[in-house]
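Just so it is clear, none of the values below were taken in a lab; they were calculated from the coordinates. Quick caveat, the model's predicted, so the values are computed rather than measured. Cβ: placed from backbone, ideal geometry, glycine included. Neighbour counts: every protein chain shown.
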Amino acid sequence: MSFRVLVTAFEPFGGRPENASRAILQCLMTLDRAPGEEFEGLVLPVVYDRSAELLLEKLRSEKWDLILALGEAPESPFRIETQAWNRDDSETPDLAGVVRKEREIIPGGPKQIPTRLPANSLFSKLQAADVPVVLSNSAGGYICNHVFYYLMHELETAPALKKAQGGFLHVPIDWCTQALEGARIVQSVIRTTAFGRLL
Ligand code: PCA
């Protein structure tokens, strides 16, 4: 039996040449797979509408057991995001020049949707392995939260994804140079999540 995992990351933005989430995803794709584990990667643009469109296309076109969305966040440890919020709110334009302030992402959608990752056990496990990590209840008001909200909303509403797991992990912005180590951490997040559901 296969276990199908979709991992998303973002293109570079903010004038930086690389996005740590993309560097980590690229390394993750080179790591060994456990029997039955199938990974697919998807790099999203830092653009509100297009990122969500591409994600939804992918979610709807194939069968998935776990979807892990990655993005980079400045000066932070790894951040396990526990809630997606129905709100775009950032001064920073997206890469298409769009600014969104205090705007619902899906009009009438739930105000917040909890992650379907086992956040507390992931936190304990990463902490025990000396990974810098925190639990965070907001992924911000920019594209990461936007994608996270669409992901969680689709998991809540699409019958094909009723049993799928999914959530968002912010990775530290300066981990481009430690991408292989970052990829092993992401792999452990995926395996802990997948095994947890077998227990
Ligand atoms: N971080 C941004 C968007 C893309 C990324 O990697 C964010 O936190 O919203």
Which percentage, to the nearest 5, of the DSSP beta bridges contained in the range 3-195 is antiparallel? 25
Along the charge dipole of the chain, Cβ charges K/R +1 and D/E -1, which of Gly41, Gly108, Ala183 sits furthest on the positive end? Gly108
May I ask you to sort Leu117, Leu54 by Cβ crowding, counting other Cβ atoms within 10 Å and putting the fewest first? Leu54, Leu117
Identify which of Pro118, Pro110, Pro159 has the largest mean-square fluctuation in a Gaussian network model of the chain, with springs joining Cα atoms closer than 10 Å. Pro159
In the P(r) worked out for the range 117-199, what percent of Cα pairs fall beyond 20 Å? 42
For an R0 of 35 angstrom, estimate the FRET efficiency from the Cβ-Cβ distance between Ile106 and Leu135 and round to the nearest 0.05. 0.90
For Arg33, Arg22, Arg50, what's the fewest-to-most ordering of other Cβ within 10 Å of each Cβ? Arg33, Arg50, Arg22
Where the only charges are on Cβ atoms (+1 Lys, Arg; -1 Asp, Glu), what is the dipole of the chain about its Cα centre, to the nearest 20 debye? 600
Given the options Ala119, Gly196, Val147, identify the residue whose Cα lies farthest towards the positive end of the charge dipole of the range 45-199 (+1 on Cβ of Lys, Arg; -1 on Cβ of Asp, Glu). Gly196
If you rank His146, His153 by fewest surrounding Cβ atoms within 10 Å, what's the result? His153, His146
Would you check the chain for Lys pairs whose C-alpha atoms are within less than 30 Å, ignoring same-chain pairs closer than 8 in sequence, and give me the count? 15
If the viscosity is 1.002 mPa s and the temperature 20 °C, what Stokes-Einstein diffusion coefficient in µm²/s follows for the range 48-162 when Rh is the Kirkwood radius over Cα pairs? 142
Select from Gly141, Gly167, Gly15 the residue whose mean-square fluctuation is largest in a Gaussian network model of the chain (Cα-Cα springs shorter than 10 Å). Gly15
Taking Cα pairs closer than 8 Å and at least 6 residues apart, the relative contact order of the range 26-170 in percent is 36
So what's the back-of-envelope 222 nm ellipticity for the chain, counting only DSSP H runs of four-plus at -39500 (n - 2.57) apiece and dividing by all residues, rounded to 500? -11000 deg cm²/dmol
Inverting the mean 1/r over all pairs of different Cα atoms, compute the Kirkwood radius of the chain and quote it in Å. 16.7
